[in-house]
Each structure stands twice: as C-alpha cells, then as structure tokens.
1. Looking at (1) touching a residue at least 24 places away in the same chain (Cβ under 8 Å); (2) closer than 21 Å to residue 51 by Cα, which is the only condition residue 306 fails?
2. Please find, among 198, 226, the residue that is at pLDDT below 90, surrounded by 22 or more Cβ atoms within 10 Å (Cβ to Cβ) and closer than 15 Å to residue 167 by Cα.
3. Restricting the range 167-186 to residues that are touching a helix residue (DSSP H, G or I) at 6+ places or on another chain (Cβ under 6 Å) and either assigned to a loop (DSSP other than H, G, I, E, B) or free of Cβ contacts under 8 Å to residues at least 60 places away in the same chain (or both), which is surrounded by the fewest Cβ atoms within 10 Å (Cβ to Cβ)?
4. May I ask you to say which residue of 293, 301 is under 23 Å from residue 323 (Cα atoms) and surrounded by 23 or more Cβ atoms within 10 Å (Cβ to Cβ)?
5. If I go through the range 330-353 residue by residue, how many of them are under 26 Å from the mean Cα position of the chain (by Cα) and buried (at least 20 other Cβ atoms within 10 Å of the Cβ)?
6. For the range 187-282, please list each of the helices (runs of 4 or more DSSP H) lying entirely inside it that holds at least 2 residues being more than 22 Å from the chain's Cα centre (by Cα) and farther than 18 Å from residue 85 by Cβ.
7. Being closer than 26 Å to residue 66 by Cβ, surrounded by 21 or more Cβ atoms within 10 Å (Cβ to Cβ) and modelled with pLDDT of 90 or more is the requirement here; does residue 88 meet it?
8. Report yes if some residue within the range 104-119 is closer than 21 Å to residue 209 by Cβ and touching a strand residue (DSSP E or B) at 6+ places or on another chain (Cβ under 6 Å); otherwise report no.
C-alpha cells in the first residue's frame, strides 16, 4: 500500500455526506415535533425537550451495539472474512433487540419519577411523561433500525441507511402533524400524536432495514442461523460495546444534570435553551457524518492490519471535518436571527436563544475534531479511550464550569453555554492527544487467525 491513498478525500466525502444527511433527518424528527408543538405553548416545548434528554439515556444501550456492529463488520470486511461479517451482523441485531426490549420496558416504568427528578411540574411534567412513555415503546424498533444501519456502514454503505431513514422520517412527520392537529381525518392528540408518529416511523425503518439485510448486503446476507445466540461472539461484541454505552451514559448523565441546572432558571431559559440546542444539533449532523467515515475507514484498515493507512484515513477525515464545521460556524452566526425566529418564540425567549446559539456556533470545530478522532479510535477497536475522555470532560470540565459560570457567578443560561464551549474544546484537544499516542494500534477486534489470506482465497 502507498504511504497515502489516492482518492482518500473523495472516499471520505462519499461515506460522510449520506451519514450527515441521515443524522440531519434523525434530528429533524425531534426538531419537527418541537416546531409543531411550539404552537401549543412554551410549556409543551419545555416538557418535550426535557423528556428527550431523559429518554435518550435509555436509548444508549443499543446505540452502543450499533457502534460495535460498525466496528466489527468493518474489521471483518477489511480482513476479507465475509462469514465472520455475517455472524457479527446477526449477533448485533439479536443483542440489540433484547436490549431494546429491556430498555423500553424500564423507560416506560420510570417515566414519571424520572421527569419529576428533573424538577418540572404542571404542563411541562404532563407533556414530558406522555412523550417519553410512547417513545420508549418504540425502543425495539429503533434498536433494530439503528444496528441495521450500523452493519451497512461497516461495509461502506452509508446511502441505504440514509434513504430508509428519509422514508421513515417523512412518514413519521406527516403522521405526527396529522395526529397533533387532527388533520386528514386523524384525531387531534397533541403531544401524544407526535410520539405515536415517532413509534410508527421507527417501526417502518426497522422493517425496511431487516428486509435489506435479508436480501443481501455487499455480497453477504443475513441468514437465520446468524441470529441464533453465539455466546462467544456476543461476549466479544459486548466487550466492544460496553465502553461506548458507558461513554454515552456518562455524557447523558452530565446532560441531565446540565438540564437540571437550566430547569431551575425558569421556563424562559428552558424554552430558549431547547430552541438553541435543536438548531445547534442540526449543525452537528455534519460532524457525525465524519465520525461514521472515520470508524468505517479505520476499521477496514485495521482489519487487514494496515496501521499506516488507518492513521492517514483518520487525519484526512479530521481535516475535512474541521473545514466543514468551521464553515457551519459562519453560517450559523449569519443566520441565527432567522433560525430562532422559525419557532416564533416570545421576545425574551428569542433574545436569549439567539445569544446561546451564537456561543454554540463556536463549539462546532471542536465537535468536528472530537467526533472524528473518537470515531477513528472506535474503528480501531479502542472504545475505552473515548469513554475515559467523556468521563473526564463531564465531571472535571462540564459540571464544574456550568455551575461556576451559570450559578456561582450569576451569568445564567449564557454562562452555562460558555461552560459547555470550554468543555467541548478541552475534550477535543485531549482526544487528539490520545489518538496521537497510538495505543489504539493494538486494540483490534478481529484476531490474527480470523484474517483471510489473499493467497488462500485464490487457491
């Protein structure tokens, strides 16, 4: 292999843009709900926003399996071991479905006390509980769709998950709009209607994904035999997945405490924060696309033990991510007033949301670096380092900074956003140093004996 791959930039772009669009579509689900429900009042927006923060914690178990499936399948493809790739795909789906069912049942059971723990009450509490319970019922479907997409990304197909997500999300948005406002002969259900639309949208995505895998993917096929529990392979996948779950649980837990501080500032701050977060999350979708590209490209290189290629792929992806996210910073600053105005908030909410969105725009380059290097480490099989960085960032940076700037120094919501800016910047620099140290080079998921020799294939 040459020191630098030809056409690497084009490959990164080919993998990243569909993944970015997919994340944008996924973001649009909650974005659309909040946009629709904003017509029902700030209390409804606040309740849904807090609910999303809480129930996303329960989603992390199978989110982690999706990441593990991408890494395992990518490395198996790099090792030219198609049978192992098929087995990894089947076991990932089985594992995720079981976790999705367990996570959904638990989330429904604790929805009310979890929302109360966030310090909300009245309309905010009622809306949040309803939205969370129905979304938790969708957990098994979301798990299958998410992991199915992770499998396809591992083989380098990021377009199919994007297309399926587009179809399912369009269906969800139309159904939710009809159920929220009672249009097209559907009952008027308000918040409940938004959540029901999400449930059916995830179910459709799961059906499409399973059908695609069953028909075949990249000269491979999901077989019934691969779905039967293989304790050894599930154990290996679990070892790869648990640090991802822990990392995301740490981040979600930190975000829950962050939201608890914001909730104490009142409904105006809470509504402004949700608007700014939703708009920033749209911008972040580009960064997530580069994360997927890094995981896939590095994973395939490590599968064939091409460490130099893995490093080059990670750095190329990071450079492109920085350029893209820097551009988004400028766009977000220029369009901040127009973007916030889409939600038609009250004057005080509008002013505060615009300030927070401006601060958040400067977080985007740090996100690009952080996400790309984290994706590269996971692709190499090192899922623990991103977890440790998240642990340090949450408890040594985010929580102290949010409290000091937002509460102790009395800067309110603006101070909280300044704290998160410093947090993400610090994490990005630490992640870059971790990748440069190179311990990821010895963390491969695929074992030496599982690499298929080209000469053996030709024989």
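The values are calculated or read from the model by the stated rules, or taken from the named source; none is laboratory data. Quick caveat, the model's predicted, so the values are computed rather than measured. Here Cβ is always computed from backbone atoms with ideal geometry, including for glycine, and neighbour counts include all displayed protein chains.
1. (2)
2. Only one candidate passes the filter, namely 198.
3. 184
4. Result of the check over 293, 301: 293.
5. So the answer is 6.
6. The helices (runs of 4 or more DSSP H) meeting that bar are 191-215, 231-263.
7. yes
8. There is no residue in the range 104-119 that is closer than 21 Å to residue 209 by Cβ and touching a strand residue (DSSP E or B) at 6+ places or on another chain (Cβ under 6 Å).
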